[in-house]
Amino acid sequence: MNLTVPASEPWLEPARYWPALTAATEALDTPFGIISAGALAWNAHDMLRRSNGTTIRVASKSVRVRGVIDAVLSIPGYHGVLAYTLAEGLWLAETIDDVVIGYPTVDRASIAALGQSSILAQRVTIMIDTIEQLDLVDAVLPPGQRENIRVCLELDAAWASRVLGHVGVFRSPVRTVEQAIDLARAIVARAGFTLVGMMAYESQIAGVINRPRGKPMLGHTVDWMQKNSRDELSERRGQVVLALRDLTELEFVNGGGTGSLESTASDPAVTEIAAGSGLFGPHLFDGYGHFQPAPAAAFALSVVRKPTPEMATLLGGGWIASGPPAADRLPRAVWPEGLGFVAREMAGEVQTPLTGAAALAVGDRVWMRHTKAGEVSEHLTEFAIVDEGRVTEMMPTYRGEGKAFL
């Protein structure tokens, strides 16, 4: 795949961008997904600009297309993958030499495979936030009967606000410097494990939009929350990293995500940032004020009936994103413009009626954008790669390669 930044930015002109994609894919039957190589290249390089020299580790859950991951990793400034399951990480590590598993694992078969392979054990790092996770590894294969296991300690990055309460996701129970030191000492002292890294994911900064449509006061509140959270985390993360470096030589300190590239890069304790959603540019990311990714990935559905002259019904469409159930989890119909969902049906499993569709006829196509990035790949076996007005290849998703990790 060619990831050269294009000379122009056609996605800034919807009336030019979407019809061009329709023309390029006219031979394909719906439903199908596309990745614009030019838009993907623009996003990848803009993320590097925003990270200001800090290495970006590709968050695979936000892509789930091995060909895209490989292409992005060929760009200087990107290195390694943050995988979401150990099974996925072992699969990726067949060709990628630095894979960190972003979540703890209790997958006994994958732990056994990791412990029995010297190559995989050198390439894959598992996530730890409690001693019990080490116990489980030892129960599968005790030290002396397996390879040494690389370990990353996860620090809780949520903000304990006096006004808002707990802000951020519930991940690691390790929050204070003392808790981190206690766990790190236990890892260092334990046979069969090597502490090589630390991660702290500030979801309340990286994954919360600060310019929600039509809600300016909420945007100001988010700005205030993110500034205060950033200040608190920078101080606490720095203290933890200093303490850990007194115990062991850390290879990496990982933080952040697509929405926090600038602020995470400004933290001197961080050596790399995990990011992936910004590559595809799903519509959730339209709600940030400090960056605007191009809509590099989208999917097309066809009109199959006209229940009224002003409506059109698509076959399928209920590709709902994870998270709190709300309207912002729905895909967005972006072309033709002016289309809307019917309140009592919304995006359905087998049909999606749309309003504002007087100009649409049976057989016409509608372009949709998913709320989140990698989840759209679970609905497709392949993406059509569109470059310079034509489909250059059909690239399989994880699902297309017969993989379903989570």
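Quick look at the numbers
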| read-out | value |
| --- | --- |
| Given (1) in contact (Cβ under 8 Å) with a residue 60 or more places away in the chain; (2) of a type outside the set (Lys, Arg); (3) assigned to a strand (DSSP E or B), index of the condition residue 233 fails | (3) |
| Tabulated pairs, the stretch 289-317, first in contact (Cβ under 8 Å) with a residue 40 or more places away in the chain and of a type in the set (Lys, Arg), second in a loop (DSSP other than H, G, I, E, B) and open to solvent by less than 10 Å² (accessible area, probe 1.4 Å), C-beta under 9 angstrom, 6+ apart or interchain | 306/357 |
| Residue 235 being surrounded by fewer than 16 Cβ atoms within 10 Å (Cβ to Cβ), of a type in the set (Asp, Glu) and either farther than 20 Å from residue 80 by Cα or touching a Phe, Trp or Tyr at 6+ places or on another chain (Cβ under 7 Å) (or both) | yes |
| Enumeration of residues in the stretch 5-36 that are within 25 Å of the chain's Cα centre (by Cα) and of a type in the set (D, E, K, R) | 9 |
| Single unsatisfied condition, residue 265 versus (1) open to solvent by less than 10 Å² (accessible area, probe 1.4 Å); (2) touching a residue at least 60 places away in the same chain (Cβ under 8 Å); (3) more than 30 Å from residue 144 (Cα to Cα); (4) among the small types (Gly, Ala, Ser) | (1) |
| Spans of strands (runs of 3 or more DSSP E) in the stretch 4-115 with at least 1 residues out of contact with any Gly (no Cβ under 7 Å at 6 or more places or on another chain) and farther than 28 Å from residue 128 by Cβ | 32-36 |
| Residue in the stretch 207-227 that is farther than 30 Å from residue 327 by Cα, open to solvent by 60 Å² or more (accessible area, probe 1.4 Å) and under 28 Å from the mean Cα position of the chain (by Cα) present | no |
| Which numbered condition residue 195 fails, given (1) open to solvent by less than 70 Å² (accessible area, probe 1.4 Å); (2) farther than 30 Å from residue 109 by Cβ | (2) |
| Extreme residue, nearest to residue 86 (Cα to Cα), among residues of the stretch 373-406 that are open to solvent by 50 Å² or more (accessible area, probe 1.4 Å) and in a loop (DSSP other than H, G, I, E, B) | 406 |
| Residue in the stretch 313-331 that is among the aliphatic types (A, V, I, L, M), in contact with a Pro (Cβ under 6 Å, 6 or more places away or on another chain), open to solvent by less than 50 Å² (accessible area, probe 1.4 Å) and not in a loop (DSSP other than H, G, I, E, B) present | no |
| Positions within the stretch 295-328 being modelled with pLDDT of 95 or more and among the charged types (D, E, K, R), in sequence order | 305, 306, 310 |
| Those residues of the stretch 331-374 which are of a type in the set (Val, Ile, Thr) and within 24 Å of residue 296 (Cα to Cα), in sequence order | 334, 352, 366, 371 |
| Any hit, the stretch 245-262, residues being basic (Lys, Arg) and either under 30 Å from residue 364 (Cα atoms) or at pLDDT below 95 (or both) | no |
| Close pairs (6 angstrom Cβ cut-off, 6 or more residues apart or separate chains): at positive phi in the stretch 345-367, at pLDDT 95 or above anywhere | 356/338; 356/339; 356/340 |
| Among (1) over 18 Å from the mean Cα position of the chain (by Cα); (2) within 25 Å of residue 92 (Cα to Cα), the one test that residue 377 misses | (1) |
| Failed criterion for residue 67 (all others in (1) over 20 Å from residue 254 (Cα atoms); (2) of a type outside the set (A, V, I, L, M, F, W, C); (3) without any contact (Cβ under 8 Å) to a residue 12 or more places away in the chain hold) | (3) |
| Subset of the stretch 260-290 (residues that are in a loop (DSSP other than H, G, I, E, B) and closer than 27 Å to residue 397 by Cα) | 276, 281, 282 |
| Residue within the stretch 12-35 that is surrounded by 18 or more Cβ atoms within 10 Å (Cβ to Cβ), within 19 Å of residue 258 (Cβ to Cβ) and aliphatic (A, V, I, L, M) present | yes |
| Some residue of the stretch 166-185 being touching a residue at least 40 places away in the same chain (Cβ under 8 Å) and among the aromatic types (Phe, Trp, Tyr) | no |
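The values are calculated or read from the model by the stated rules, or taken from the named source; none is laboratory data. Please read these numbers as outputs of a predicted model, since none were measured by experiment. FYI the Cβ positions are ideal-geometry reconstructions off the backbone, even for glycines, and counts take in every protein chain you see. Only protein heavy atoms, including side chains, enter the accessible area calculation; ligands, DNA and RNA are left aside. Shrake-Rupley method; radii C 1.70, N 1.55, O 1.52, S 1.80 Å.
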